[in-house]
Each structure stands twice: as structure tokens, then as C-alpha cells.
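First the structure, in the form of C-alpha cells, and then the observations on it.
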Amino acid sequence: MKSVSLYKPLSVMDEFLESFFDSPLAPFVGSRVLNKLPLVDVQETGNAYLVEAELPGLDEKQIKVQMDGGKLTIESEQEEQNQEEKNGSYLIRERRRSSFSRSFTLPENADPESVSAVFKNGVLSLEIKKRTESAKRLIEINAQ
């Protein structure tokens, strides 16, 4: 089966917390919220894989996309700004920026040389074409 999988080495404690926070007991506090990971959709079409990541509040200069063999990584490194010195102290602060990194292992038929990226309205869209030799094709049967 050809599929894109999340590359995420976990410790035993990480696995426990992930299973707890992704359970029905805590529907609004998933591990992605705790880790501040962007939400990602991955879709397969006939000739490509499409990845869309929500990255609100960022611009294209703050995002880094790289391929390393069959691993696709989306990341952003941001330093927490000391807004207290700049604008006074906060009474409530719920919006924070932090660094993140998400990696995906691509299927063997993905062409790492064909990745294209578009960033618009806070959504990063990546298209990874499939290798042409791995595309489905109809075989004509000749009668004898």
C-alpha cells in the first residue's frame, strides 16, 4: 500500500500522552494543540500527493520546506518576542508563536525532485508528483 506517513519518533511517555490527549476524553485538547503543530491534510490524486498545512500568522519567509531522501519536512523557527518590554505587560496572553517541525515519510513512487510549494492566506500547499513509471496504465490485450 502506498501512503504518506507521519515521521515522528516517540518515547514511551510521548506515546502515552498522545493516546490520552487524542482520546474522546479530551476532544478539544489534542497533542497537536499542546505541541503547537500545524494542522495538515494529505491527499492522493492520480498523479500527485497534495499536502496542505495551516500556518496562520506566518509568511513565506518564516517557513522552511525541505526534502531529505523520502522525508518531507515543514518547519519554522521563531524566537519568542519580548513584547512586555515593547508594549507593556500582558494581562491575558493566549496567542504565542513557537517553533515547529513536522516530517512525513513519502511513498516510494513520490518524486522528490518535483515538489512545488505555494503559500496563500496562511495555508502552505505542496504538490509532490508521482514518478511517471509508477503511474497506473491500461494494458491492451491482443487477441491471437
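Values quoted throughout were computed directly from the atomic coordinates according to the rules given, and no laboratory measurement underlies them. The structure presented is a predicted model; accordingly, all values stated were derived computationally and were not measured. We place every Cβ from the backbone using ideal geometry, glycine too, and count neighbours over all the protein chains shown.
Under a point spin-label approximation (7 Å from Cα along Cα-to-Cβ), what is the L50-Q144 distance to one decimal in nm?
It works out to 4.5 nm between the two label points.
Could you work out the local net charge near S125, counting Lys and Arg as +1, Asp and Glu as -1, over the other residues with Cβ closer than 13 Å to its Cβ?
Residues close to S125 contribute a combined charge of -4.
Which of the residue pairs K71/K129; K64/K120; K61/K120; K64/K130; K36/K130 have a Cα-Cα distance greater than 19 Å in the structure shown?
K64/K130; K36/K130
Residue separation times 0.36 nm, minus the C-alpha to C-alpha distance between D68 and S89: what's the value?
3.3 nm
Treat the count of other C-beta atoms within 10 Å as a stand-in for reagent exposure and order K36, K129 from fewest to most.
Going from least to most buried by this count: K36, K129.
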